[in-house]
Amino acid sequence: GSAEQITSRAMPLLQLGAVAAELDIVSEQLVKNRIQRSIDRLMTVQRTDGAFAMWSAQGPAEMWLTAYVVDFLGRAREAGYRVPELPLRKSVEWLNGVLDNAWFDEAELAARAYALYTLAGAKAVDVAEVRYFQETWWAALPTRIARAQIASALARLGDGGRAADAFNQLDRSRE
């Protein structure tokens, strides 16, 4: 499958694999093997610049996809899986480089929000950058999930007050 499909199948296993094993649906070792194979397969669709492409390492770079894969790889590493350091670092650097480009289409805003959330989880972005993005683009973000990702990024980086304000704005936007 594509990088998105591989990640979408493996991401839930990080949380639910133990539950499935506990319920005797599948063995814990089978889940672990599947997750590790997914990580290894994702490395084959990483471009030399660090970005991920949908189908092959020669495909076009995709910001949202790269953020999604980096999010998964970071969670997998935290769960004790073998995630190669250099490819992960190159992906993080690529995401930071894309975000450093001030010239972009507003259609990328949701992907940029997710990239900031992912980088915040990796502690690879400065809180000032997330604050600036929130101040500049909050009203233009196309979805509530993108706003929630920015609020979560602020929380991940230790800016609890601003994160709480952002989450409160989300609550008010439902009224």
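The values are calculated or read from the model by the stated rules, or taken from the named source; none is laboratory data. Note that this is a predicted model, so its numbers are computed, not measured. Cβ placement follows ideal geometry from the backbone for every residue including glycine, while neighbour counts extend to all protein chains displayed. The protein model used for the area step is the full one, side chains on, heavy atoms only, and it has no ligands, DNA or RNA in it. Shrake-Rupley method; radii C 1.70, N 1.55, O 1.52, S 1.80 Å.
Tabulated data for the structure shown
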| quantity | calculated |
| --- | --- |
| Crossing angle, helix 63-78 versus the chain [Cα axis fit, 0-90 degrees, rounded to tens] | 60 |
| Shape parameters for the chain, alpha-carbon atoms, Rg then Dmax in Å | 16.9, 51 |
| Sites matching chymotrypsin sites (Phe, Trp or Tyr not before Pro) across region 1-69 that sit in DSSP coil, with at most 16 neighbouring C-beta atoms within 10 Å | 55 |
| Label-zone membership for region 8-51, site residue 77, 7 angstrom Cα→C-beta point, backbone N under 11 Å | none |
| Acute angle (nearest 10 degrees) that the helix 127-137 long axis makes with the longest principal axis of the chain, alpha-carbon atoms | 60 |
| Accessible area per residue, Å², region 67-111 with all protein chains present, probe 1.4 Å | 54 |
| Cleavage-rule hits (trypsin sites (Lys or Arg not before Pro)) in region 3-110: DSSP loop, at most 13 neighbouring Cβ within 10 angstrom | 82 |
| Contour excess over end-to-end distance, with Cα ends at residue 30 and residue 43 and 0.36 nm allotted per residue | 2.7 nm |
| Spin-label pair residue 100/residue 23, simplified geometry with 7 Å Cα→Cβ offset, distance in nm | 4.6 |
| Region 1-94 - percent of accessible surface contributed by carbon and sulfur, probe 1.4 Å | 54 |
| Angle in degrees between helix 144-156 and the longest Cα principal axis of the chain, rounded to the nearest 10 | 80 |
| Unit charges on C-beta of K, R, D, E only; dipole of the chain, Debye | 400 |
| Charge-dipole axis of region 9-127 as Lys and Arg at +1 and Asp and Glu at -1 on Cβ define it, positive-most pick from 14, 117, 60 | 14 |
| Net charge over other residues, Cβ less than 12 angstrom from the Cβ of residue 118 (K, R count +1; D, E count -1) | +3 |
